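**Q** There's a structure below that I have some questions on.
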Amino acid sequence: MSQRIAAAVLAVITIVAAFSLPHAGAQTSQSDEINRRAKSKVQPFYPELARKMNISGTVKVEVTVSPNGTVKEARIVGGHPVLANSALDAAKKWRFEPAPTESTGVIEFKFEPR
C-alpha cells in the first residue's frame, strides 16, 4: 500500500514540476525545414524535477505553422519525458512571419541544469 502512495505522490510531483515551476535553463534552435523567420520565441521552463535529477538533453518538437504565423499543431518527436511538456508548451507560443501556406518543421530545445 505504501508503495502505491509513494508512486502516486511522485507522479503528482512530476506533473506539478513540469507545468508550474519556472526556471529558464533551455536553449532553442530552429530546423531548416521551416521557411519562415520566427518573430517571437518563448523559452521553456527548466522543470524543478529535472534539475533535482540533473537531467539534461534535447527535446525535438515538430510544429505546423498556419499562414498567419501561429503554431497550429505541435507534437513531441524526441526527448526526455520530464522535459517534453515544457518544450511543447513553449513551442505552441512561438510566432512566425505570415506566409501564403502552412509550413512544418522541427524546433529543438536544449535543456541543461544550472
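The values are calculated or read from the model by the stated rules, or taken from the named source; none is laboratory data. Predicted model, so just to flag it, every value in this text is computed and none were measured. Counting neighbours? That spans all protein chains shown, and the Cβs are built from the backbone with ideal geometry, glycine included.
**Q** Being charged (D, E, K, R), surrounded by fewer than 17 Cβ atoms within 10 Å (Cβ to Cβ), part of a loop (DSSP other than H, G, I, E, B) and at pLDDT below 90, is that true of even one residue in region 1-9? Step through it out loud before you land on a result.
**A** Step one: filter region 1-9 for residues charged (D, E, K, R), giving 4.
Okay, now just the ones that are also surrounded by fewer than 17 Cβ atoms within 10 Å (Cβ to Cβ), so 4.
Right, trim to part of a loop (DSSP other than H, G, I, E, B) and you get none.
No: region 1-9 contains no residue that is charged (D, E, K, R), surrounded by fewer than 17 Cβ atoms within 10 Å (Cβ to Cβ), part of a loop (DSSP other than H, G, I, E, B) and at pLDDT below 90.
**Q** Only one residue in Glu73, Glu97 is without any contact (Cβ under 8 Å) to a residue 12 or more places away in the chain, surrounded by fewer than 16 Cβ atoms within 10 Å (Cβ to Cβ) and more than 28 Å from Arg51 (Cβ to Cβ). Which one? It would help to see each step written out before you state the result.
**A** On the way: Glu97 fails: without any contact (Cβ under 8 Å) to a residue 12 or more places away in the chain.
The match here is Glu73.
Condition check ((1) of a type in the set (Ser, Thr, Tyr); (2) under 10 Å from the mean Cα position of the chain (by Cα); (3) surrounded by 16 or more Cβ atoms within 10 Å (Cβ to Cβ); (4) at pLDDT 95 or above) across all residues:
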| site | (1), (2), (3), (4) |
| --- | --- |
| Glu33 | no, no, no, no |
| Phe45 | no, yes, yes, no |
| Leu49 | no, no, yes, no |
| Val63 | no, no, yes, yes |
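**Q** Here is a follow-up. So, in region 51-61, exactly how many residues are modelled with pLDDT of 95 or more and touching an Asp or Glu at 6+ places or on another chain (Cβ under 6 Å)?
**A** 2
**Q** Also, I was wondering about something else. Just a yes or no: is a residue in region 81-96 more than 22 Å from Phe45 (Cβ to Cβ) and outside any strand (DSSP E or B)?
**A** Taking region 81-96 as the starting set, the residues that turn out to be more than 22 Å from Phe45 (Cβ to Cβ) are none.
Looking through region 81-96, none of the residues is more than 22 Å from Phe45 (Cβ to Cβ) and outside any strand (DSSP E or B).
**Q** Can you name the residue in region 30-65 that is of a type in the set (S, T, N, Q) and in a loop (DSSP other than H, G, I, E, B) and, of all such residues, is nearest to Phe111 (Cα to Cα)?
**A** First pass over region 30-65, keeping only residues of a type in the set (S, T, N, Q): 30-31, 35, 40, 43, 54, 56, 58, 64.
So of that shortlist, the ones also in a loop (DSSP other than H, G, I, E, B) come out as 31, 35, 43, 54, 56.
On the way: Ser31: 17, Asn35: 25, Gln43: 10, Asn54: 10, Ser56: 5 Å.
Here the answer is Ser56.
**Q** Something else about it: Check off (1) closer than 18 Å to Phe111 by Cα; (2) modelled with pLDDT of 90 or more; (3) exposed (fewer than 13 other Cβ atoms within 10 Å of the Cβ); (4) not aliphatic (A, V, I, L, M) for Asn68 and give me the number that stays unchecked.
**A** Condition (1) is where Asn68 drops out.
**Q** Just wondering, is there one or more residues in region 13-25 that are buried (at least 16 other Cβ atoms within 10 Å of the Cβ) and at pLDDT 95 or above?
**A** no
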